[in-house]
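> Dumping the structure here so I can ask a few things about it.
Coordinate-derived values only; no laboratory data. Since the structure is predicted, the reported quantities are computational estimates derived from the model, not experimental observations. Every residue, glycine as well, gets a Cβ built from its backbone with ideal geometry; the counts of neighbours run over all protein chains shown.
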Amino acid sequence: MLEKIIPINDLRSPALAVPAAPDAPSGLLLDTLGRPLHDLRISVTDRCNFRCVYCMPKEVFDKDYAYLPHSDLLSFEEITRVARIFIAHGVEKIRLTGGEPLLRKHLERLVGMLRALPTPSGRPLDLTLTTNGSLLARKARALKDAGLDRVTVSLDALDDTVFRQMNDVDFAVADVLHGLDAAHAAGLGPVKVNMVVKRGTNDSQILPMARHFKGSPFILRFIEYMDVGASNGWNMDEVIPSAEVIRRIGAELPLAPSAPNYTGETAARWRYLDGSGEVGVISSVTQAFCHDCSRLRLSTEGKLYTCLFATRGHDLRALLRSSRPDLELSGAVAQLWRGRTDRYSETRTIDTAGLQRGAKKVEMSYIGG
C-alpha cells in the first residue's frame, strides 16, 4: 500500500550559516522589526493520539502515515544544549509541544534537565507544556516534581458527542476534565484551557464552555481556526472572529477588557464583571499580532521556524551533530533571528487568497501551536 505523506519536512531546509566572526550572546536579540527573542517552543514528537479535524485529520494521518524515525528526533541532551544557547540570547520562556508531548517517553527527565539551566538574570526559566490532556492525570505529579511550571490543555467541547467528533478517536471529555483536575491538584497552574472554534463544528460549545469554567481555577481561551499547514482544509468561512465569541459570551455573562500580562501576549484578556475570573481570545486570523511576536519554534528533528506559518525551516540539527562548538551555534542562531522579517498574519489579512495559492506551510502537528 502506498503511504500517504504530506511533505512537512521541507527538503529545501538549509543548514544554518555560521558567521565568519565569533558572535557571543549579549542576552538580547532583535530582528529586523525590533522584536526581541523571548519565547522558544520545542516540539518533542510529531506523533499524537488524537486526530483532531483542524490539526491531524484521519484521512491524512492514517495508519499508513510515515512518522519520523526515533534517530531523527533531537535527543534530550541535544534539546538541552540548544535551550542553553537560546537562554543566553534572552529566551525566558520555553514551551514543550508536539504532536502530543506526553507521548515522548520519560519527558519528565527532559523537564528536569531544562529546569536546571541557569538564566543570565538569575530568574527561574518559565517552563510550560501544551497537551491534549489524555495522559495528564497519570503524568501531572511527575511533571511538577521534575520542575514544570504550568500546562495548557486543549479542549474543544464539553458535549461528549461533539468532542468525540472533534478528536476523531472516541476520547471522552470526562477523561480530559480529570486531567485538568490532576494538573491543578499537582500545582501546574494557573491551568489554561484552549478551545479552537470552528464554525458549524463546535461553535455551539462557546457558551457551555464559558459557563463551565467561569468561577473555576482554570483560564479558558478561544482560538480562531487557523490556516496552519496544508492538511486541515482551512476555509475563511469556518472562522468565527474573536469579536463574535466575546459578543456571544458577553450577552449572557458581562465582560470587560483587561490589560495584557506582558508585551507580546497572544491572548487578549477579558474579565467577568462579577469578578469570577477571565477568558481570553487568540485572534491570529482577524487581528494580527505579528508586530510584537517574540517566538521561535524548534521542530522535533531540529529545524528552526521563525513563524508559525512558515514554508520552510532552518536545519540546526546538522550543526548540532557536526561537533560545532556552542559559540558557532550561538552565532548561527543570532544571525537567523537578526534577519527575521516574518509577519504572515499581517500580510494574510491583505491578501488571504493569494497567500493560500502559494507554497505549502508547515503543519501545526509538526512544530506545535
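> Specify the inter-centroid distance of the range 288-323 and the range 61-139, based on alpha-carbon positions, in whole Å.
14 Å
> Taking the Cβ of Ser330 as the center, what net charge do the other residues with Cβ under 12 Å away carry, scoring Lys and Arg +1 and Asp and Glu -1? Let's see the in-between values first.
Numbers: positive: Arg81, Arg84, Arg324; negative: Asp23, Asp326, Glu328.
Counting the neighbours of Ser330, the net charge comes to 0.
> If you take all C-alpha pairs in the chain, what percent of them are over 26 Å apart? Spell out each step's value before the answer.
On the way: 34299 of 67896 pairs.
Pairs farther apart than 26 Å: 51 percent.
> In deg cm²/dmol and to the nearest 500, what is the mean residue ellipticity at 222 nm of the chain if only DSSP H runs of at least 4 residues count, each as -39500 (n - 2.57), divided by the residue total?
On the way: 12 runs with 105 residues, N = 369.
Calculated at 222 nm, the ellipticity per residue is -8000 deg cm²/dmol.
> Packing-wise, with mean Cβ within 10 Å as the measure, how do 171-178, 186-193 rank, highest first? Before the final figure, lay out each step's value.
Working: 171-178: 16.4, 186-193: 19.4.
In descending order of packing, they fall as 186-193, 171-178.
> Given a Förster distance of 30 angstrom, what is the FRET efficiency for Ala24 paired with Tyr262, based on the Cβ-Cβ distance and rounded to 0.05? Walk me through the numbers on the way to the answer.
Values: r = 27 Å, r/R0 = 0.90.
The pair Ala24/Tyr262 has a calculated efficiency of 0.65.
> Compute the signed sum of charges (Lys and Arg +1, Asp and Glu -1) over the other residues within less than 9 Å, Cβ to Cβ, of Lys58.
Working: positive: Arg51; negative: Glu59, Asp62, Asp168.
Residues close to Lys58 contribute a combined charge of -2.
> What is the magnitude of the charge dipole of the range 39-367 about its Cα centre, with +1 placed on the Cβ of each Lys and Arg, -1 on the Cβ of each Asp and Glu, and no other charges, expressed in debye to the nearest 20?
Numbers: 44 positive and 40 negative charges, 152 e Å.
The calculated dipole for the range 39-367 is roughly 740 debye.
> Another one. Which whole-Hz ³J(HN,Hα) couplings does the range 35-48 yield from phi under the Karplus relation 6.51 cos²θ - 1.76 cosθ + 1.60, θ = phi - 60°, glycine and proline marked x?
Using θ = phi - 60°, the values come out as 8, x, 7, 10, 10, 10, 10, 10, 7, 9, 7, 9, 9, 8 Hz.
> What is the spin-label model distance, in nm, from Ala172 to Ser216 if the labels are put 7 Å beyond Cα along the C-beta direction?
Each label point is offset 7 Å from its Cα along the Cβ direction, giving 1.7 nm.
> Would you please give the residues with an amide H less than 5 Å from that of Arg340, counting only those at least 5 places away or on a separate chain, with H modeled from the backbone geometry?
Correct list: Thr32.
> So, counting K/R as plus one and D/E as minus one, what does the shell of residues with Cβ under 9 Å around Ala186 add up to?
Working: positive: Arg141, Lys144; negative: Asp145.
Residues near Ala186 contribute +1 overall.
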